[in-house]
Amino acid sequence: MKTRATARATFDSSRVIRTLSLAAVALVTLSLLSTANATILVYTAFMDGPSESPPNASPGTGTARVDYDPNNHSMRVRADFADLIGTTTQAHIHAPTAVPLSGTAGVATQLPSFSGFPLGVTSGSMDTLFDLTDSGSWNPSYITANGGTPAGAEAAFATALAEGRSYFNIHTSVEPGGEIRGFLQLIPEPTTVSLASAGVATALLLARKRIRKRFSA
């Protein structure tokens, strides 16, 4: 016959398990919703002269970030650069190279240069949002080569981004073909929710083990 203390322990243990189970379900649900809503793909690049083709000895460096939203068909482009030898003349994203992270390709994006990119300077930054359904966001020849529509250009560009076959290139008066460049690479999604779910699952397992040990003693 169970004592009052044993019954209370059983009740408390069951309540702990029930609470942890509900927390685990909530976290899994949150994880699934997070994944479903995580539509913006973030690509970044570090740019320098040795990464050009052919390489050069420019002391200039820069970073680029592309936030691609396939649901809203938009692309936010941000870049910062400094210490160029020449003054800027153009900046684009080129795609697709024959192999990932190497080689050269034609200009995929807006001509003659990204709107919002500072020209005639050796350092600066940009932050511009592009509507990918607008033909003006693309090189006309890139549209022609990909089905003749902005939608075709976007699909081809999205593939090039995902495969590491696109690069941000800054052209200057000293290096007309490009003084600094960098290949865009995807930043993995945060795993915070997954780690939290794993923590709750571990706590639930330990709680069950404690209960088994208590009532088998």
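Suppose we keep only residues that are out of contact with any strand residue (DSSP E or B) (no Cβ under 8 Å at 6 or more places or on another chain) and among the hydrophobic types (A, V, I, L, M, F, W, C) within the stretch 158-192. Which one would you say is nearest to Val77 (Cα to Cα)?
Looking at residues that are out of contact with any strand residue (DSSP E or B) (no Cβ under 8 Å at 6 or more places or on another chain) and among the hydrophobic types (A, V, I, L, M, F, W, C), I get Ala160.
Tell me yes or no: at least one residue of the stretch 6-15 is among the acidic types (Asp, Glu), modelled with pLDDT under 95 and either in a loop (DSSP other than H, G, I, E, B) or surrounded by fewer than 18 Cβ atoms within 10 Å (Cβ to Cβ) (or both).
yes
Yes or no: Ala160 modelled with pLDDT of 95 or more, of a type outside the set (S, T, N, Q), surrounded by 15 or more Cβ atoms within 10 Å (Cβ to Cβ) and not in a loop (DSSP other than H, G, I, E, B)?
So Ala160 fits the description; yes.
Name the single residue that is nearest to the chain's Cα centre (by Cα) among those in the stretch 123-152 being surrounded by 18 or more Cβ atoms within 10 Å (Cβ to Cβ) and of a type in the set (Ser, Thr, Tyr).
Ser137
Out of all the residues in the stretch 140-148, is one or more part of a strand (DSSP E or B) and among the aromatic types (Phe, Trp, Tyr)?
The answer is no, given that none of the residues of the stretch 140-148 is part of a strand (DSSP E or B) and among the aromatic types (Phe, Trp, Tyr).
Table: residues versus (1) more than 27 Å from the chain's Cα centre (by Cα); (2) among the aliphatic types (A, V, I, L, M); (3) modelled with pLDDT of 55 or more; (4) assigned to a strand (DSSP E or B).
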site	(1), (2), (3), (4)
Leu22	yes, yes, no, no
Val25	yes, yes, no, no
Leu30	no, yes, no, no
Ala45	no, yes, yes, yes
Pro50	no, no, yes, no
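The values are calculated or read from the model by the stated rules, or taken from the named source; none is laboratory data. Just so it is clear, the model here is predicted, and its values are computed rather than measured. Cβ sites come from the backbone with ideal geometry, for glycine too, and all protein chains shown count toward neighbours.
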